[in-house]
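Novice: A single structure is presented below for examination.
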Amino acid sequence: MKRLLPLIITLALLMLSCDRYAKYEPMFYPIDSVSSTHPDSALRLLEALKPKIEDAPERIKAYYGLMETKYMLNSDARFTSDSTIRAVADFYERHGDDNHRMFSKLLLGCVNYTMGDNTEAMLNLEAAAASADTTSDDCLYVVLGQVYAHLSQVYLDEYMPRNVIRASHLCYRYSMRAGDTLTALSGLDHISNAYIFMGQPDSALAVTLRSLRLFRESGYVEAAAISQAKLIEIYLDRNDTANAARCMTVFDRDSRVIGVDDNVEPHYQGIYYVKAIYSVSTNRLDSAAYWLGKIRQIDNPSLNIREAAAYVAWQIYDKMGAKDSALKYATVSSELSDSLTTEIMRNTCSVVQAQYERANLRSQVADKALEAERMKTTALAVALVLLAVLSASVYIIRKRRAEMRRREQRHRQDIDALTRAQTDLQQLLTLTEEERDELAKDKREAIERLQSMETLQRNVDAATVEERLANADIARRFRQIAENPLAHPTPEEWQELRSMINSEVPGFYSTLNNGHVLRPDEYDLCILLRLHFKPLEISNLTGISQKNVSAIRRRLLQKVLGRDGKPSEFDDFIIGIVR
């Protein structure tokens, strides 16, 4: 198991620059300055700071939790729960930007990994990668490279080689873009592990040699030496002991992995197997037994380590010629290999199920969000339409009421003027005959002027009615139809025309039907006459010949007015109806 790569991130990620957070910002400067070299000391300083931020805003507390988790990971602290960093990740999911979400999910995935929950680690690391906006200028590619580096390690532990290759390529791309060469080359080195698992040793050898060369060119001698261990296994599988020996020499000289008493860090315990199998291949069985003992001393060994120990014992006893013992450990190695395969399949199914459930949940959330957005848009559209209709109705009603008030006011003024004139005329009776004649003449002239004004006002009202009738949409529609002999109004259009004339000239129907009730076709002809349609146009609209149109007009003159005359006399009567 490889060691988790160091977390490379700065306080600038959290952007604590606004006035509200300014007083807390300097508290973290001295802590972060020692975190890279002394993470344990940084963690103790951070714990001492905790009482000072009890009343701080939620963003400061979330920042504190972020740094606490980062320092604990860097100091290899043991985690028993991911509740703290999960709460921080949830906060940044709601209130942070893309970089906040990416970094908090990265730390959550790392904590899951150290706790042995690879499925959760994988899902959270994938969420961290999905949070990155690579089209943005302020995308933190150094953090994104770290995300894919950890993700490739988790894929490798879960035996998902194709995913390892994809994640490692992305790790190399984004880390090189950020200038993080060590992380980029470490990601490239993971690709060779994937090829080994896929049974492609030639590809694994080529990638390992390339990464080893790049490590050396970049000055990472220790990392280049550690990569030699992988080459040793590849060369031993090819029975190329000469190259294996050369690589072992470089490894022992430069790697600095094996310490006092030949002990190694837990994440480098796989080197015991490499040492043991190399000793078997070079016929140094005492050395092979020594390294086998180191493997057996590992606490709580995994199936992988137990299978490696059984395989080394099998090879040692086979070299010694102890057939029974060799057969025993060969059987144990085979059984452990089968168990390891079963565990891989179970873990893979678990991961696939988790990914399916997560994808299904995301789909449901997206559908709900889309449905809510549609409902919101529909409600807004309906509200706007109702508001427009209400505004138009209020405007029309107010306009008509204002016009009625003006008419009533003018009418009252005219009546008052006539009343005063009649009163003055009565007073004339008390005057001399000559004075009465003179005043009567003046008053008659005044009355005539007022009557003329009343007549003028009626003409103005009639003109207003004529204008509304001529500009009505349905009247214009009938004129269009009248110009086309092949077109005819629909029943709905006739009904709309009748409603319009009854609305604009309320007394039209009652005036015509005062003495006799007209038939519907006779009433429709009267409407067309009121709208100034010519006999030819009436013929086109009603289907009645021009001759019959004239006959009907003459007959209606007798029926409505009770006298004989010309059709044009009936037309004048119809046009004179304005109220």
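The values are calculated or read from the model by the stated rules, or taken from the named source; none is laboratory data. Predicted model only: the values in this text are computed from it and were never measured. Here the Cβ positions follow ideal geometry from the backbone for every residue, glycine too, while neighbour counts run over all protein chains shown. SASA here: full protein model, heavy atoms, side chains in, ligands and nucleic acids out. Shrake-Rupley method; radii C 1.70, N 1.55, O 1.52, S 1.80 Å.
Novice: Quantify, in whole percent, the carbon and sulfur part of the accessible surface of the range 500-556 (1.4 Å probe; protein heavy atoms only).
Specialist: Working: 1450 of 2730 Å².
Of all accessible area on the range 500-556, carbon and sulfur atoms account for 53 percent.
Novice: Straight distance only, please: which lysines reach the Cα of LYS376 with their own Cα at less than 25 Å, same-chain residues fewer than 8 apart left out?
Specialist: LYS368
Novice: In whole Hz and in residue order, list the ³J(HN,Hα) couplings for the range 530-542 that follow from phi through the Karplus curve 6.51 cos²θ - 1.76 cosθ + 1.60, θ = phi - 60°; x for Gly and Pro.
Specialist: Values per residue, Gly and Pro as x: 5, 8, 6, 6, 7, x, 5, 5, 5, 4, 5, 7, 9 Hz.
Novice: Also: With a cut-off of 17 Å, note down the residues of the range 251-273 whose backbone N falls inside the zone around a label point 7 Å from the Cα of ARG296 toward its beta carbon.
Specialist: Correct set: 272-273.
Novice: Highest first, please rank the peptides 201-214, 271-284, 404-417, 77-90 by the mean number of other Cβ atoms sitting within 10 Å of their residues. Mind dumping the intermediate values first?
Specialist: Working: 201-214: 18.0, 271-284: 20.9, 404-417: 11.9, 77-90: 16.3.
The packing order, highest mean first, is 271-284, 201-214, 77-90, 404-417.
Novice: As I understand it, the dipole of the range 171-220 uses +1 on the Cβ of Lys and Arg and -1 on the Cβ of Asp and Glu, about the Cα centre. Which of TYR195, LEU209, CYS171 lies farthest toward its positive end?
Specialist: The listed residue farthest towards the positive side: CYS171.
Novice: Principal axis extents for the range 147-190, Cα atoms only, whole Å, descending order, please.
Specialist: Answer, in whole Å and largest first: 29, 15, 13 Å.
Novice: No solvent, one uniform scatterer per C-alpha: report log10 I(q)/I(0) for the range 60-124 via the Debye equation at q = 0.29, 0.30 1/Å, two decimals.
Specialist: -1.34, -1.40
Novice: Follow-up. I'd like the accessible area for HIS169: 1.4 Å probe, protein heavy atoms, all chains in place, Å² to the nearest 10.
Specialist: For HIS169, solvent-accessible area is about 100 Å².
Novice: Using +1 on the beta carbon of Lys and Arg, -1 on that of Asp and Glu, and nothing else charged, what's the dipole of the range 239-331 about the Cα centre, debye to 20?
Specialist: Working: 11 positive and 11 negative charges, 36 e Å.
Dipole magnitude for the range 239-331 comes out near 180 debye.
Novice: Moving on to the next point. If the cut-off is a Cα-Cα distance under 17 Å, which aspartates and glutamates reach LYS328, setting aside same-chain residues fewer than 8 apart in sequence?
Specialist: Here the aspartates and glutamates satisfying the reach criterion relative to LYS328 are GLU307, ASP318, ASP338.
Novice: Note down the magnitude of the dipole of the range 180-233 about its Cα centre, charges +1 on Lys and Arg C-beta and -1 on Asp and Glu C-beta and zero elsewhere, to the nearest 20 debye. Mind showing how you got there, number by number?
Specialist: Numbers: 4 positive and 6 negative charges, 19 e Å.
The dipole of the range 180-233 has a size of about 100 debye.
Novice: Give the lysines reachable from LYS61 as a straight Cα distance under 16 Å; neighbours fewer than 8 places away on the same chain don't count.
Specialist: Within the straight-line limit of under 16 Å, LYS61 reaches these lysines: LYS23, LYS50, LYS52, LYS70.
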